[in-house]
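Reading through the structure tokens given below for one structure.
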Amino acid sequence: MSDEDALPRKAWTPREAALQLGIPYETVLRLIHEGKLAAVTAGRYYLVPDAAIDRFLNPGT
């Protein structure tokens, strides 16, 4: 399957979310644990949905 055929990403690892937000990885983990950044668990791993990043960046909307 080529990149053109791939579905768009809907969720990101905490490390990828940190890069998108421009903050340290450890801060993303702290925000997840404090409930300030929504995430879902996939086994032992966290995934941060696109919508959670948007809500974090635009809390009033």
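The values are calculated or read from the model by the stated rules, or taken from the named source; none is laboratory data. If you're wondering where the values come from, they're calculated on a predicted model, not measured in any experiment. We place every Cβ from the backbone using ideal geometry, glycine too, and count neighbours over all the protein chains shown. Protein only, heavy atoms only, side chains kept; ligands, DNA and RNA dropped before computing areas. Shrake-Rupley method; radii C 1.70, N 1.55, O 1.52, S 1.80 Å.
Of note:
- Accessible surface calculations at 1.4 Å, restricted to protein heavy atoms, place the chain at 77 Å² per residue.
- For the chain, the Kirkwood estimate of hydrodynamic radius, built from reciprocal distances between every pair of different alpha carbons, is 12.2 Å.
- Relative contact order [Cα under 8 Å, 6+ residues apart], the chain, whole percent: 32 percent
- Accessible surface of the chain, 1.4 Å probe, proportion on carbon and sulfur as whole %: 56 percent
- Inter-label distance, nm, simple model (7 Å from Cα along the C-beta direction), His33/Arg55: 2.1 nm
- For the set Leu37, Leu21, solvent exposure ranked by accessible area (probe 1.4 Å, protein chains only) runs largest to smallest as Leu21, Leu37.
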